[in-house]
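First the structure, in the form of structure tokens, and then the observations on it.
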Amino acid sequence: MENRLLDVERAIAYLWTIFNVDLERHWSFPSVLYYIGYAYLQRHEILGDPQDLEEAASKLSDAVYWTPLHHSLRGTILETSADASYLQFQWSGEESYLRDCILWLEEAIELLDPITQLRPQLQKLARFYLVLFEKTEDQVDGDRAVELFTQAQLICPRRDTREFLALTFELADAFHAFYENTTLGVAHLETAISHRRAAISLAAAHGTYPSADQLVTLSNELHKLYQYSGRKEYLDESISFIQQSAVFQQDPMTRASLFSSLGTLLGLRLQLSGSLADAPEAIEAFRNSKSLHEELGVRWNSLEYATLGLVSFELHNKSHSPGDIGQAILCFRNAVELSKKDGDIRYPQIFRLGLALYASFKVHGSACDLDEAINHLRTLAPLSNKGIVGKSAHRLAVALHARFELSKSRSDLDECLEILARVCGLPIESLNHRRTHFDCAALLASLAMRHGRLDLSLQGFQRAVDMLPHVFLKGSDVASRQKDLSSHAVDLACDAASCAIELGRLDTAVDLLERGRSAFWSHNLVIHPDLTSLQVAHPNLIKEFERANKAAIDAQATVTAHHTRSFTTSRQTPGELLERYRRIEDDSYHAQLIGSPEELRLNRAVEQSERCLDTIRKIPEFQSFLRPAEISELMKGTVDRNVVMINISRLRCDALVLQHGGSPSIRLVPLPDASYDKVAALSKHMQNVLGMANVRVRESEALRHMKPPRIRSAGVPLPAILSHLWSWIVHPILKALSLDISSHPPRLFWCPTGPLTYLPLHAAGFYSRTDVPDRGLAVYDYVVSSYIPSLRALIRPTPVDIHVPRVLIVSQPETPGQKSIPMTIQEVTKIVEIAKPLVPISVLDGADATVSRVTAALTECDWCHFACHGTQDPNEPLHSGLVVQDGLVSIDRILSLKISTSHFAFLSACQTASNDTYFPNESLHITASLLYAGFGGVIGSLWSISDSDAPAIAEGVYVRMLAHPALSSEDAARALHESVGRLRESGASLERWAPFVHFGL
């Protein structure tokens, strides 16, 4: 090194001697400048003196200036100048140096020999662009880096395996940088993995092995991809590659860290799969890590003890072994001890230790373990919000309640409820880990109700309902939002309303039912709002809001995949979902506490989205932007209308009669003869009746008559079900309304809840031996029935009555893969015959009725009529829909449409209003989807309809509607009532006339 330094200094002195001669006009002047700069660059490399670097950059820059464009040395001078500028960038961080080096290298590349010199310089330039992209996050720079790496790879001879592998790995690194710096992260991550996999496979094919670092990087990328997708094979691959890297890694310290990572991933797979097969290898990996640390004289740190503790805790949850929980406690004690000076690390370890001690109490029954768990969890209570307050409060409350049940000490119960109430009092906008705070609210509601503290119970219920849109605010798509919102809202609102009714707060009960029921539908309108007026007034603000909203949706997609992955596809029953918030114990409550990178990214994205919302709401005309409607606003939809919300809860059953301006505006009608279990049993019997009768598809009458009439042989026949509905629910409501039998009955809007949503209230009556009850003993003698999924359906802009509605008719008498329904031809012919003289009609029939053409036509019609098959998917309700020539016009497709002028739809198809039994409060059927997509009113069916009845019903409806001078779509409900009445009077069986229903205005 000394000899080299001496040679460099001699060169510098000699070159300055030459330079001091007046060479400015001499041909060698640029060369002398270059060699001086190069010499200073060499000395900087040896000594690291920044002054040498500055002198080198200055002289090289001068050399570039003085060197003629076609000088043989210009390419070399440009390359060296680029290197010097890059060193200046590394030293100072100033972007201008990086851009200078890119400019010089790009010019140098134009002068290089394409065969021998081009590839390494393309590779170098690609690296510079990649660094620039990581600094600026400008996608143009990133794309240029990928382009250059690809060019270098294309001209690299495949026989030069080492260089080709290096380029492939660098291409993978480029896409990895894209993943970390752009919103399209997961797509770039997949590309990075693809290139890295290809390089590793190529290395193996040539008998060489990639570096352990590359294997670790690929393992980490696969783990990230697993977190995005939830696909088990990515986790398996991640584990496999980290196992290989542990074998090839030579550095003992790095190898120790790899064993810790391997143990962590195996513990994750243990947690998710429930299989104990990974447990021994996970424990062995941690032992190897600890042993290597000890050999190096390095003690395990707090996080490493904590990770082993988490695996032991998970093993205990799966095997219930006392030894495993003892190991977890020991590890967490060490983690707490080693983190005394770092609160951010210490607090999570205290939480985990408290959880482990509580789990030990459940195994051994030791009051000492319970007391110590409470003491540890209490130390976290004063923390304002470090992502800990919600989880620690929840588990502290559970532990205090457990001690209360042992000792009956009222102070423990009071402290338990006080802690939960305090968490529920925190401003929602300030909370991280909102799902945990939702759990606290639900637990407060449950415990306070159990112990007779209705005031606190209502506080918990209100907070839980308030948090539904915050906890499940974003979802990657319609289906994920439906599952998230519906599964957590199930029956919550009904119990909340019952609590409010017990306290005499009827307006609160209505508000809770409205906000907690149809949570998915209400939320879908919120996250896909009409932004037209805001776009016109504040275009820049709306762009910022849409960008922030998309970032939050993408972030939630990652977190949702991370938290909901499971290797089983079984669907929970409503009862199981309900118990999710009713239960106190939760053995699956994991000790993981520190937010993952995905959760932290979500928190930041949601905060940004909410800041944008706050900015928008400060504008006077947008103060209520995306806020839920106030109950006073909702009640306006009940003016001059009979609206009945029926609350079916495990706590009590009631009807709430709503009429704005009435005295009182909300009347309570107790339903003492009804109960949740009785109504749920009726709902189950109804499903059995329809299933056994095979009335799930529209069929021709010939096919229907070939089947035995099994609807009457089911366990509880349909007339009995409807008779129970009449006596338990409908008759008490009609009596309270003081309604009389009428030939022109008033309309009544039914808003049922829970299992009642599956039952045909519009057909309720006292059926003795016939399909037609005596006069005065059926609901249709008193009212014209319509259904609404929520009060929102009544306050949405009422369709403007028009004189010439545009009518769309879709007909499918012969659909590929479906049974023939030839009477649709007669049905459509009759409608055209009635309507064509009065209104413009478009008909999509047979092969013309494709998914794309139908969905496009839906956005341009005022009325539409579907005569086709319908299908209800019980496992994926949003995949239900109307069957046309080349596929399904599904609910989620309908929701994506921009429908602004459509007023009325007639779905002459089967199961279009059949509710999902798993999420009864959500009205997840085709009829409701058209309401929420923009239609004012919709006629649908609860089960299959006779192919011969559909034309008669449709004819009656359209004759009545088109006879009205204003052509009001609100005549549809009465038109259906009268048309079904004629079918009933003709002697049609109950199962033929009862499926027809009207939804909306």
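Equivalent ellipsoid of the range 234-297: semi-axes from √(5λ) of the C-alpha gyration tensor, largest first, are 22, 13, 7 Å.
Taking Rh as the Kirkwood radius computed over C-alpha pairs, what is the Stokes-Einstein D of the range 184-330 at 10 °C in a medium of viscosity 1.306 mPa s, expressed in µm² per second? It would help to have the intermediate numbers written out before the result.
Working: Rh = 16.1 Å.
After rounding, the answer is 98 µm²/s.
The accessible-area ordering, largest first, of the residues Met686, Met449 stands as Met449, Met686, per a 1.4 angstrom probe.
Give me Rg over Rh for the range 1-103, both radii from the alpha carbons and Rh done the Kirkwood way, two decimal places. Kindly include the intermediate steps, with their values, before the conclusion.
On the way: Rg = 13.6 Å, Rh = 13.9 Å.
Here Rg/Rh amounts to 0.98.
Each of Phe248 and Ser409 was given a label point 7 Å from its Cα along the Cα-to-Cβ line. The distance between the two points is 5.9 nm. Annotation: Cα Rg of the range 112-210 relative to the compact-globule expectation 2.2 N^0.38 Å equals 1.08.
Using heavy-atom solvent-accessible surface (probe 1.4 Å) with all chains present, what is the largest-first order of Arg547, Arg611, Arg617? The partial results should precede the final answer.
Working: Arg547 155, Arg611 125, Arg617 50 Å².
Result of the area sort, largest leading: Arg547, Arg611, Arg617.
Note on His744 and Ser291: the model spin-label points, each 7 Å out from Cα along the C-beta direction, lie 9.3 nm apart.
Computed extension length for Leu454-Asp160: 98.1 nm, one decimal, from 0.36 nm per residue of separation with the Cα-Cα distance subtracted.
So which of Lys232/Lys318; Lys340/Lys362; Lys543/Lys618; Lys232/Lys290; Lys362/Lys391; Lys290/Lys391 end up more than 23 Å apart, counting from Cα to Cα?
Working: Lys232/Lys318 19 Å; Lys340/Lys362 28 Å; Lys543/Lys618 17 Å; Lys232/Lys290 28 Å; Lys362/Lys391 19 Å; Lys290/Lys391 30 Å.
Long pairs (Cα-Cα over 23 Å): Lys340/Lys362; Lys232/Lys290; Lys290/Lys391.
With the whole protein complex present, Asp640 retains an accessible surface near 140 Å², based on a 1.4 Å probe. Within the range 277-348, all pairs of alpha-carbon atoms sorted by distance into 10 Å bins from zero give the percentages 21, 48, 28, 3.
What ranking, highest mean first, results for peptides 329-339, 364-374, 240-250 when packing means the other Cβ atoms within 10 Å averaged over each residue?
Numbers: 329-339: 21.3, 364-374: 16.5, 240-250: 18.4.
Output ranking for 329-339, 364-374, 240-250: 329-339, 240-250, 364-374.
Return a whole-number percent for the relative contact order of the range 39-101, with Cα pairs under 8 Å and 6 or more residues apart as the contact set. Walk me through the intermediate numbers first.
Details: 52 pairs, mean separation 15.9, N = 63.
It rounds to 25 percent for the range 39-101.
What does the highest-first list of 166-176, 860-870 look like by mean Cβ count within 10 Å?
Working: 166-176: 22.5, 860-870: 24.6.
Taking the mean over residues of other Cβ atoms within 10 Å, the ranking is 860-870, 166-176.
For the pair the range 730-756 and the range 232-267, the centres of their Cα atoms are 66 angstrom apart.
Take Ser498: with every protein chain present and a 1.4 Å probe, its accessible area is about 0 Å². For the range 234-297, the carbon plus sulfur part of the accessible surface works out to 51%, probe radius 1.4 Å.
Based on Cβ point charges of +1 for Lys and Arg and -1 for Asp and Glu, what charge dipole magnitude is obtained for the range 299-344 about its Cα centre, in debye rounded to the nearest 20?
On the way: 5 positive and 6 negative charges, 24 e Å.
That gives the range 299-344 a dipole magnitude of about 120 debye.
The values are calculated or read from the model by the stated rules, or taken from the named source; none is laboratory data. Small disclaimer: the values here were computed from a predicted structure and weren't measured. Cβ atoms come from the backbone with ideal geometry, glycine included; neighbour counts cover every protein chain shown. For the accessible areas, the whole protein counts, side chains as well, though only heavy atoms, and no ligand, DNA or RNA atoms are used. Shrake-Rupley method; radii C 1.70, N 1.55, O 1.52, S 1.80 Å.
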